[in-house]
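Values in this text are rule-based calculations from the coordinates and carry no lab data. Here the structure is a predicted model, which means the values were calculated and not measured. Cβ sites come from the backbone with ideal geometry, for glycine too, and all protein chains shown count toward neighbours.
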């Protein structure tokens, strides 16, 4: 396969997407064999071919960039991974502007800065997380208005915005949890955790309602088609995953905040305990 990919890469009049696809498959094979550096070389070549046709910015903003970061981390090169995420973030900001993928890249860069320890920039990490929290909060509100604007039940046809709304709230809460974990001031950490909880609770409630609507819609569609069983819509799977992840994150935030509260904040601590009990009940624990 390496020889075939090499021939394709040097041949004329070969579609770029074919070369990129083969290079991705070859990278996957190298990765499975533990040859991470060879896999990295393949992804870099794929990005080169993609960028030559589509533009370097689009290549940096693509899924190929995410694949490269994962491989660099697997190799243990955190600095190179940080640099790759920074380039990816810059490209996505330029091309996509106010999109959730930009927030996710900001958070990833923030986490890598922290993982680098003394070689990282904690101040930059906090700024990236703050930017992610601000933008994801705005997007949560925008998506919520659109997701709740439809009359009647949510269906597979109009569920994409519902998934975006729940995912944006989860990213928003994750950014605040990051800020709380790394803030040097306890009061700021408390406020960040409160913001995370405030974002997650309506998000979880909405996800539950959306899942109920989609389940009914999916069942109705199967009944109309005369099919039994079958796979639920991908949006339903995404919502189910986000519902569980949001519950777990809420439980983490509640426990962290409760541990910070003093005796003068006993009322808030009691309410947090009730929230934790409700989460555990919903999770069946």
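Observations
- Under the simplified labelling scheme, the residue 244-residue 209 pair shows an inter-label distance of 2.4 nm, with each label point 7 Å from Cα along Cα→Cβ.
- Helix 100-115 axis, angle to the chain major axis (alpha carbon atoms, nearest 10°): 90 degrees
- Region 62-106: C-alpha pair distances exceeding 11 Å, %: 62 percent
- Likely footprinting exposure, 66, 141, fewest C-beta neighbours within 10 Å first: 141, 66
- Cα long-axis angle, helix 63-75 against the chain (0 to 90 degrees, to the nearest 10): 90 degrees
- When peptides 127-137, 182-192, 203-213 are sorted by average Cβ neighbour count within 10 Å, with the highest value leading, the order is 127-137, 203-213, 182-192.
- Computed [θ] at 222 nm, helices only, for the chain once each DSSP H run of length n ≥ 4 contributes -39500 (n - 2.57): -28000 deg cm²/dmol
- Note: relative contact order over the chain, using C-alpha pairs below 8 Å and six or more positions apart, is 10 percent.
- Distance from the Cα centroid of region 163-218 to that of region 58-111 is 23 Å (rounded to whole angstrom).
- Principal axis extents of the Cα atoms in the chain, from largest to smallest and rounded to whole angstrom, are 70, 61, 35.
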